[in-house]
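See below for the structure under consideration.
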Amino acid sequence: MKFMKYANFFYKAVGIEPYTTDSRPQANSLKASLVFWANVLNLSAIVTGEILYLGVSLADGKLLDAVAVMSYIGFVIVGTSKMFFIWWKKPALSDMVRDLEHIYPHGKEAEEEYKLQSYLRSSSRISVTYALLYSVLIWTFNLFSIMQYLVYEKLLHLRVVGLALPYTVYYPWNWEAPWSYYMLLFCENFAGYTSAAGQISTDLLLCAVATQVVMHFDHLSTVLEGHELSGKWEEDSRFLVNTVKYHQRILRLSEVLNDIFGIPLLLNFMVSTFVICFVGFQMTVGVPPDIMIKLFLFLFSSLCQVYLICHYGQLIADSSLGLSNAAYKQNWNHADVRYRRALVFVIARAQKPAHLKATVFMNITRATMTDLLQISYKFFALLRTMYVK
């Protein structure tokens, strides 16, 4: 499916096949399995080292170092959780994609009726922008120490940079030895790439599915509002039955969407609250300008990720609620009284909008972004108070 191509690209980069359908059969690829486990094992080793470094920093009372490494650990937790939940939910995801393919508009006339190209362009534009942003973020972090060495030491001759690794990880040996340094530099870059690809792929998959759910809700609203009623109960009731069946099918898709992505989204919001707090805190303690640019990019990317999810949650809520307005605007004045009574039930059901949910704890809309920032600021204020004292 065209909506899924960007998500599939990043999943392939980490060796994951997120779903199978009739048009996309199971591929038993040894290469994909090797890529997946190489990514997982390397990322696990690096994050274990980061957790050890966190323990050492807290034991030594180095709050700033601890906050910095907690930001990295949070980033890894989000990426890893998203990859593994997609891997775990592959059967349910495959069923959902098959349902989407079954109601996908085929043929030029159907595509124009659904305004498919408009939704596809919007999804592609957002997907490419988001993927580029996160790619710039991760490779800025991965290559930052190398760029410092090349610019400050080799090009400008301002200071001696020395050997440095992208992330703060505890190693129980002398990692500055040549053989060790280059191996660890590769492993840390590989781990950062894995974590970023896990987040990008799952977020793009969520956006692709959410866009199609919105498209179907909008199409149903357009058809319902524009349908000319005959005034004959037998004919009009058939139209209403088909409308209800289509509506129920879209609602089931939104429920499956929440079942697959609910727990990863909850973890995403919980961890992002602290990551935004930690990165914002680092920016206020007097870091050099080049570090400030890196931290700003991290903060901006985290905010964009949260807003992207909240934006699509709002679109789903608005499009599902729009069905009630479409039903009310329908020319039902001359319809059979039985049709009018049945239409009341359709309006009543549509007034309970579908939501993108982070499990049962949270309905995701743009207001969720405000709530998250408020919580993050409270932790930020607490952290500043602890640091000053």
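If you take the Cα Rg of the chain and divide it by 2.2 N^0.38 Å, with N the number of residues, what do you get? Write out the running numbers ahead of the final one.
Working: Rg = 25.0 Å, N = 389, 2.2 N^0.38 = 21.2 Å.
In units of the 2.2 N^0.38 Å rule of thumb, it is 1.18.
LYS232: which lysines have alpha carbons under 27 Å from its alpha carbon, excluding same-chain residues fewer than 8 sequence positions away?
Candidates past the 8-residue exclusion: LYS245, LYS329.
Which trypsin sites (Lys or Arg not before Pro) in the range 110-160 sit in a loop by DSSP (not H, G, I, E or B) and have at most 10 other Cβ atoms within 10 Å of their own Cβ? Before the final figure, lay out the partial values.
Numbers: sites: LYS115, ARG121, ARG125, LYS154, ARG159; in loops: LYS115, ARG159.
Those that pass, being in a loop and sparsely packed, are ARG159.
May I ask for the equivalent-ellipsoid semi-axes of the range 209-287, computed as the square root of five times each C-alpha gyration tensor eigenvalue and listed largest first in whole Å? Write down the numbers at each step before the final one.
Values: eigenvalues 441, 40, 10 Å².
Taking √(5λ) for each eigenvalue gives 47, 14, 7 Å, largest first.
Just to confirm a number: summing +1 for Lys and Arg and -1 for Asp and Glu over residues other than TYR72 whose beta-carbon lies under 13 angstrom from that of TYR72, what do you get?
Neighbour charge sum, excluding TYR72 itself: -2.
If I build a Gaussian network model for the chain, linking alpha-carbon pairs within less than 10 angstrom, which residue out of PRO178, PRO105, PRO264 has the largest mean-square fluctuation?
Among PRO178, PRO105, PRO264, the largest GNM mean-square fluctuation belongs to PRO178.
Give me the accessible area per residue for the chain, probe 1.4 Å, as a whole number in Å².
On the way: 19450 Å² over 389 residues.
Per-residue accessible area for the chain comes out at 50 Å².
Once neighbouring chains are kept in place and the probe is 1.4 Å, which whole percent of the accessible area of the range 1-127 is contributed by carbon and sulfur? Please list the in-between numbers first.
On the way: 4090 of 6670 Å².
After summing per-atom areas, the C and S share lands at 61 percent.
Could you work out the Rg to Rh ratio of the range 290-389, with Rh taken as the Kirkwood radius (inverse of the mean 1/r over all Cα pairs)? Before the final figure, lay out each step's value.
Values: Rg = 21.8 Å, Rh = 17.1 Å.
Rg divided by Rh gives 1.27.
Let me check I've understood the local charge: for ALA367, count other residues with C-beta under 15 angstrom from its C-beta, Lys and Arg +1, Asp and Glu -1. What total comes out? Mind showing how you got there, number by number?
Numbers: positive: LYS357, ARG366; negative: ASP318, ASP371.
Local charge sum for ALA367: 0.
Can you give the convex hull volume of the alpha carbon atoms of the range 165-235 per residue, in Å³?
Details: hull volume 8.5 nm³, N = 71.
So the per-residue hull volume is 120 Å³.
Based solely on its DSSP helices, what 222 nm [θ] is calculated for the chain when runs of n ≥ 4 H residues each add -39,500 (n - 2.57) and the sum is averaged over all residues, nearest 500 deg cm²/dmol? The partial results should precede the final answer.
On the way: 11 runs with 296 residues, N = 389.
Counting only the DSSP helices, I get -27000 deg cm²/dmol.
What net charge is computed for the residues neighbouring ARG341, neighbours being all others with C-beta under 15 Å from the C-beta of ARG341, Lys and Arg scored +1, Asp and Glu -1? Kindly include the intermediate steps, with their values, before the conclusion.
Values: positive: ARG338, ARG340, ARG349; negative: ASP236, ASP336.
Net of charged neighbours comes to +1.
Using a Gaussian network for the chain with springs between C-alpha atoms less than 10 Å apart, which of these wobbles most: ALA326, ALA131, ALA342?
ALA342
First check a/c for the range 251-292, with a ≥ b ≥ c the square roots of the eigenvalues of its C-alpha gyration tensor; if it is under 1.5, answer rounded, and if not, answer prolate when a/b is larger than b/c or oblate otherwise.
Prolate is the answer for the range 251-292, as a/c is 1.5 or above and a/b outweighs b/c.
Full extension from GLN351 to ALA59: what is 0.36 nm times the residue separation minus their Cα-Cα distance, to one decimal in nm? Write down the numbers at each step before the final one.
On the way: separation 292, 0.36 × 292 = 105.12 nm, distance 5.44 nm.
This chain segment gains 99.7 nm when fully extended.
The values are calculated or read from the model by the stated rules, or taken from the named source; none is laboratory data. Being a predicted model, the structure only gives us computed values, none of them experimental. Quick reminder, even Gly has a Cβ in these numbers, built from the backbone with ideal geometry, and neighbours come from all protein chains shown. These area figures cover heavy atoms from the full protein model, side chains too; ligands, DNA and RNA do not enter into them. Shrake-Rupley method; radii C 1.70, N 1.55, O 1.52, S 1.80 Å.
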